[in-house]
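Below is one structure, written out as C-alpha cells; comments come after it.
The values are calculated or read from the model by the stated rules, or taken from the named source; none is laboratory data. Just so it is clear, the structure is predicted and the values come from calculations on it, not from any experiment. Here Cβ is always computed from backbone atoms with ideal geometry, including for glycine, and neighbour counts include all displayed protein chains. We work out accessible area using only protein heavy atoms, side chains counted, and drop any ligands, DNA or RNA first. Shrake-Rupley method; radii C 1.70, N 1.55, O 1.52, S 1.80 Å.
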Amino acid sequence: MGCIRVDKITEYLCDPLQRCLKDDDPYVRKTAAICVAKLYDINAELVEDRGFLESLKDLISDNNPMVVANAVAALAEVQENSSRPIFEISSHTLSKLLTALNECTEWGQVFILDALSRYKAADAREAENIVERVTPRLQHANCAVVLSAVKMILLQMELITSTDVVRNLCKKMAPPLVTLLSAEPEIQYVALRNINLIVQRRPTILAHEIKVFFCKYNDPIYVKMEKLEIMIKLASDRNIDQVLLEFKEYATEVDVDFVRKAVRAIGRCAIKLERAAERCISVLLELIKIKVNYVVQEAIIVIKDIFRRYPNTYESIIATLCESLDTLDEPEAKASMIWIIGEYAERIDNADELLESFLENFPEEPAQVQLQLLTATVKLFLKKPTEGPQQMIQVVLNNATVETDNPDLRDRAYIYWRLLSTDPEAAKDVVLAEKPVITDDSNQLEPSLLDELLANIATLSSVYHKPPDAFVTRVHSAQRTEDEDYAEGSETGFSESPANPANGPASPPTARQSAPTSAIGAPATPPPVAPVPDLLGDLMGMDNSIVPIDQPATPTGPPLPILLPAATGLGLQISAQLTRQDGQIFYSLLFENNSQVPLDGFMIQFNKNTFGLAAAGPLQVSQLQPRMSARTLLPMVMFQNMSQGPPSSALQVAVKNNQQPVWYFSDKISLLVFFTEDGRMERSSFLETWRSLPDSNEVSKDFPAIVIGNADATLERLAASNMFFIAKRKNANQDVFYFSAKLPRGIPFLIELTTLIGNPGVKCAIKTPSPEMSALFFEAIETLLMG
C-alpha cells in the first residue's frame with residue numbers, strides 16, 4: 001500500500017500502519033518501518049501529524065535486530081528528505097545500534113554502519129570504543145559491509161589522538177581492502193575507486209601492500225587504469241625500483257591507452273620522488289630506444305614535465321630526444337618538444353634548424369603547437385639574436401598575426417611584437433623569466449571534497465569521485481499542482497525581466513481568474529512616458545522594439561500566432577512562436593498592452609517538455625505603457641527540464657508581471673526549429689546511413705490533400721528549414737526526392753518525398769534512429785508543405 005502513491009490510498013493506510021508498527025510479529029514491524037519512509041515521501045505532513053516518526057524512533061529500541069535495522073534505514077531516508085534534524089543518534093541510541101550490529105543481516109549492518117558514520121563521538125575514548133565494536137565487521141564476507149565499516153572507522157580515526165591506536169587500526173584495515181581485490185572485476189573497480197580516496201587520506205594503510213596493485217594480464221582496462229593511479233600514490237623511495245620495473249613492463253603492452261598511462265606514470269613518479277628521478281629518466285630513455293611511435297611521444301611529454309620539475313639537471317638527454325623529431329605527429333608531443341627546444345635553445349647548436357622544420361607547416365598545425373612555436377621562436381631570438389632567428393621571428397609573427405583566425409595566437413603574437421620592437425630587455429624579463437617548479441598534484445582532490453567523498457564511501461559518490469548533489473536530484477513532492485510545475489515563487493521559477501528591479505514582483509495569485517493587482521503607490525492614470533529603447537537588446541542583435549499599438553512597426557517576420565488573447569489576459573495580449581536564427585533557437589514574443597495601467601516586471605517560465613526547452617536568460621521587456629507593444633527574442637536552451645513519456649509538441653508557458661496574475665497558455669513546438677545547419681549529407685553517407693538503420697525505424701504517412709506545384713520552390717522552402725536536398729529519381733510516373741536533416745546530439749533524419757508534380761497527394765517516409773519523433777515530424781512537414 002505504501003507503493004501506491006495516491007492521496008486517497010494514504011488516508012486508508014494510516015490506521016493499519018499504526019497497528020502494524022506495534023504488532024507482535026517482528027516481520028510485520030520491520031515491514032511497517034519501511035512503509036513509514038514511503039509514506040513520508042508521499043505526504044510528510046501526515047507522517048508527522050500522526051506520530052509515525054516517534055513510533056519509528058521507538059523501534060530502534062526493539063529487541064529484534066532486523067526491526068532495528070529497518071527503522072534506522074527508514075529514519076535515514078526520512079532525514080535525507082527533510083531539512084530539519086529528525087534522526088539524531090544519542091549515546092543511549094548508540095549502544096543499542098552497536099548491539100544490534102552483531103545480530104542483524106548483512107544489509108541491516110550496512111544501514112546501521114552508515115547511520116553510525118554520521119555520529120560524532122564526544123571524545124577520543126568514545127571514538128576508540130566505537131571503533132573496537134565495529135572492527136569485527138572488517139572480516140565480513142559482504143564487500144558492502146567491509147567498505148561501510150572502513151568508512152565508519154576512518155571517520156572516527158579523525159578524533160583518536162593515540163598514534164599507536166591509529167597505527168594498529170591502519171594495520172587492521174589493510175587485509176580486508178586487499179581481499180576485495182580478489183573479487184570479480186566490477187567489485188574490484190568499485191574497491192579501487194574507494195581505495196584511491198582512502199590512500200589520499202591515509203597512505204600508510206596500504207604502504208606495504210603495493211604488490212597487490214600490480215596489474216594482471218587478464219585484468220580489464222578499467223581495473224588496470226585504477227591500479228596504476230593507486231601505485232603512483234603509494235610509490236616511495238623504498239619501493240620505487242619494483243614500481244618502475246612494473247611500469248616498464250606495462251609500457252610494452254598492446255593496449256595503447258594503457259601504455260600511454262604507464263609512461264605518464266613513470267614521469268609522475270619522477271616528479272613526486274626527487275631521489276628516484278634519475279632512475280625514472282633512465283627507464284624513459286630505454287623506452288625511447290624501442291622506437292614505438294606512441295611510446296616515444298608520451299615519453300617526450302613527461303620529460304618536458306621533468307625538466308620543469310628539475311631545471312638545469314637532466315639536459316644531457318636532449319640530444320637523444322632530438323633524434324625522434326621526425327616521428328612526432330601528435331599535437332601534445334610536438335608542443336612538448338618545441339618547448340624543450342625553445343627553453344634550452346642556447347645549449348642546442350642547431351636549435352634554429354630544428355624549429356625551422358616545424359615552421360614549414362605552421363598554418364596547418366593545431367593551436368596548441370602554434371602557440372608553442374611562437375613562444376619558442378621568440379625565446380630563440382632573445383637567446384641567439386643572429387640573422388637566422390631574426391628571419392624566423394618575422395615569418396612567425398607575420399603568420400600569427402595576419403594569417404590566423406585564432407584570437408589567442410594573434411593576441412600573444414601582438415604582445416611579443418610590441419615587446420620586441422620597444423624594449424628587448426623587458427621582453428627577456430617576461431619571456432625568459434624563471435618558471436615556478438611544478439608538483440604532481442594533478443590527481444589529488446581538494447581537501448574539502450575529499451572529506452565529503454570519504455563520508456560517502458561505499459556509495460556511487462565514491463565511484464564517480466563527485467559529491468552526491470552533483471549527480472542526484474532529489475524531488476521532495478510526489479504530486480505537484482499546475483502552479484507548482486512552473487516553480488513556486490518568482491525568485492527561482494521565472495526568467496525575470498530587468499525592468500524596474502527595485503520593485504520586487506508581487507506574489508502570483510494562484511487562480512487564473514484573480515483580479516489584477518495594481519503596483520503599490522502607482523497613480524490611477526499615469527502620465528505618458530516615452531518608451532525606453534532596449535540598448536542591451538540592440539547590442540546583442542535582438543529585436544526588442546517598443547511601438548504604439550495603433551502605429552505598428554514593420555514586422556521583422558511573419559505575424560506571430562496569438563496565444564493569450566487580450567480578452568483573456570485582462571488587456572494583455574501575447575503572441576509567440578519558436579524560431580531558429582543563426583544556429584540558435586529563440587522564442588519570438590510580442591506583448592501588447594490594451595489595459596489602462598503600465599505593465600512591468602515581466603517574467604517567463606516553461607513547463608517540462610519533450611526537448612527540455614528553457615529560457616537561456618531573463619526576459620528583455622521594459623515597462624509597457626498602455627496602448628504600446630514590445631517585441632523581443634528570448635534565447636532558449638535545450639535539455640534542461642525534460643518531460644517523461646512519449647514525445648509531444650506541447651509547450652506550456654507561464655508569463656507574469658507585477659500588476660497581473662500568472663497567465664498560462666500553450667504553444668506548439670515545431671520539430672523543424674531543431675534541425676541543425678550541419679545536417680547536409682554526402683550521397684554515399686546518406687545511402688550508408690539508410691542501409692545501416694533497421695527497417696523497423698522507417699515510418700511513412702500519406703498527405704492526400706497536399707499539392708506540390710513547383711519542385712524548386714519546395715526545395716528552397718525545405719532548405720530554409722535545414723532539410724537538405726540529396727537526390728531525385730523517377731519511380732513510374734512519380735518524382736521521388738531525398739533529403740537529409742539532423743537533430744541536436746547528432747540524430748539524423750533521412751526523408752523521402754514521393755509525389756506527382758501538380759497533382760494532389762504526397763507520400764512522406766522517414767528513417768531515423770528516433771522513430772518515436774515521426775509523429776512530430778509529420779505534423780511539422782504537413783504545415784510547411786501546405787504553407
Selection from the range 445-471 of residues over 20 Å from the mean Cα position of the chain (by Cα) and more than 24 Å from VAL146 (Cβ to Cβ) yields PRO447, SER448
Scanning the range 636-663 residue by residue, the ones that are part of a loop (DSSP other than H, G, I, E, B) and closer than 19 Å to LEU563 by Cβ total 6
In the range 294-314, anything open to solvent by less than 20 Å² (accessible area, probe 1.4 Å) and assigned to a helix (DSSP H, G or I) is listed as VAL295, VAL296, GLN297, GLU298, ALA299, ILE300, ILE301, VAL302, ILE303, ILE306, PHE307
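Conditions tested, residue by residue: (1) surrounded by fewer than 13 Cβ atoms within 10 Å (Cβ to Cβ); (2) among the charged types (D, E, K, R); (3) modelled with pLDDT under 90.
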| site | (1), (2), (3) |
| --- | --- |
| ALA351 | no, no, yes |
| GLU360 | yes, yes, yes |
| ALA367 | no, no, no |
| THR377 | no, no, no |
| GLU387 | yes, yes, yes |
| ASP405 | yes, yes, yes |
Checked pairs for the range 306-326, first closer than 14 Å to ALA270 by Cβ, second of a type in the set (Asp, Glu) and part of a helix (DSSP H, G or I), C-beta under 9 Å and 6 or more apart or across chains, list as PHE307/GLU315; PHE307/GLU343; ARG308/GLU343; ARG309/GLU274; TYR310/GLU274; PRO311/GLU343; THR313/GLU278; TYR314/GLU278
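So, restricting to helices (runs of 4 or more DSSP H) that lie completely within the range 166-268, which ones have at least 2 residues that are over 30 Å from SER282 (Cβ atoms) and at pLDDT below 95?
Helices (runs of 4 or more DSSP H) meeting the threshold: 185-201.
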Determine whether LYS291 is open to solvent by 20 Å² or more (accessible area, probe 1.4 Å), outside any helix (DSSP H, G or I) and charged (D, E, K, R). yes
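Do any helices (runs of 4 or more DSSP H) entirely within the range 17-89 hold 1 or more residues that are open to solvent by 40 Å² or more (accessible area, probe 1.4 Å) and under 19 Å from ARG5 (Cα atoms), and if so, which? Working first, answer last.
Numbers: elements: 26-42, 44-49, 52-59, 65-80.
The helices (runs of 4 or more DSSP H) meeting that bar are 26-42, 44-49, 65-80.
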Of the residues in the range 304-322, those that are touching a Phe, Trp or Tyr at 6+ places or on another chain (Cβ under 8 Å) and of a type in the set (A, V, I, L, M) come to ILE306, ILE318
